[in-house]
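Take a look at the structure set out below.
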Amino acid sequence: MPSLALLKQPQEPFYDPETSWQKPWPRVSRLLYRTSLFSFGPFVLFLLVTIVFGVGSAYMALTKSSPFEALQSGVWVAHPKAGTDAADPYSAAIFARTLRIPLGSGEGLAFYAVVDDRGRLLNPSCTYTIAGKTPPARVWTLTAVNQQLELLATDAGRSYLNSENLLRDKDGSFEITASQDARPGNWLPTGSAGGLVFALRLYDTPLTTGAGIAGPQMPSIRRGDCQ
């Protein structure tokens, strides 16, 4: 008769190579195949982080960034491919979100300046002198807008100048004073709130065909007195 000690000894698991694949191997730790509710937490956290960073980066790209493939000359920046079939998806989304309609390649090119020649943000309470020459164009306009590129409300009832009604020197250069108060000569009225951006739109210009686009000659922006 077998003793009690022999009966209590653990039995070795029987391994049959033809049937044992149907159940977990007894020697494998249960931690490797345990599926508790707490193991789903890291996946949910990873999913939330991915959504937040994905949506956040897309929002920042569409609200805080500018369209790609910019053309810069001094402080002036333009986007020649905006509004064309060659525009990248982010640029198209930025213009769609802001409800802006870029100039077509056959119409002209728009340049924007948000800083002066010393890299300081434009301030509507300051006076600026915009002097020099522009690239060749049939006609161009200079407009003072806010940081959302909306027209500014001014006491003069306008916030723009055009090349057809501009006083020039003998060499074709010009000097424009941008300020809230009226000034003699070429005066560009500016508003008092909402920031300040100068928009220079060149219509029927060779720049849209690629001629002289490498280094267009643009006017300088010098800051004067501030209120």
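Observations
- Residues that are at pLDDT below 90, aliphatic (A, V, I, L, M) and either closer than 15 Å to Tyr203 by Cα or not in a strand (DSSP E or B) (or both) within the range 138-153 comprise Leu149, Leu152, Ala153, listed in sequence order.
- From the list Gly119, Gly157, the one residue that fits, being under 24 Å from the mean Cα position of the chain (by Cα) and either among the charged types (D, E, K, R) or modelled with pLDDT under 95 (or both), is Gly119.
- When the residues of the range 126-137 are filtered to those that are outside any loop (DSSP other than H, G, I, E, B) and either within 25 Å of the chain's Cα centre (by Cα) or of a type in the set (A, V, I, L, M) (or both), the one that is surrounded by the fewest Cβ atoms within 10 Å (Cβ to Cβ) is Ala131.
- Selection status of Ala156, touching a Pro at 6+ places or on another chain (Cβ under 6 Å), over 21 Å from Thr205 (Cβ atoms), surrounded by 12 or more Cβ atoms within 10 Å (Cβ to Cβ) and not polar (S, T, N, Q): yes
- Scan of the range 109-124 for residues that are of a type in the set (D, E, K, R) and either open to solvent by 50 Å² or more (accessible area, probe 1.4 Å) or on the phi > 0 side of the Ramachandran plot (or both), ordered by number: Asp117, Arg118, Arg120
The values are calculated or read from the model by the stated rules, or taken from the named source; none is laboratory data. Computed from a prediction, not measured in an experiment: that's the story for all the values here. Every residue, glycine as well, gets a Cβ built from its backbone with ideal geometry; the counts of neighbours run over all protein chains shown. The area values use the complete protein model at the heavy-atom level, side chains included, leaving out ligands, DNA and RNA. Shrake-Rupley method; radii C 1.70, N 1.55, O 1.52, S 1.80 Å.
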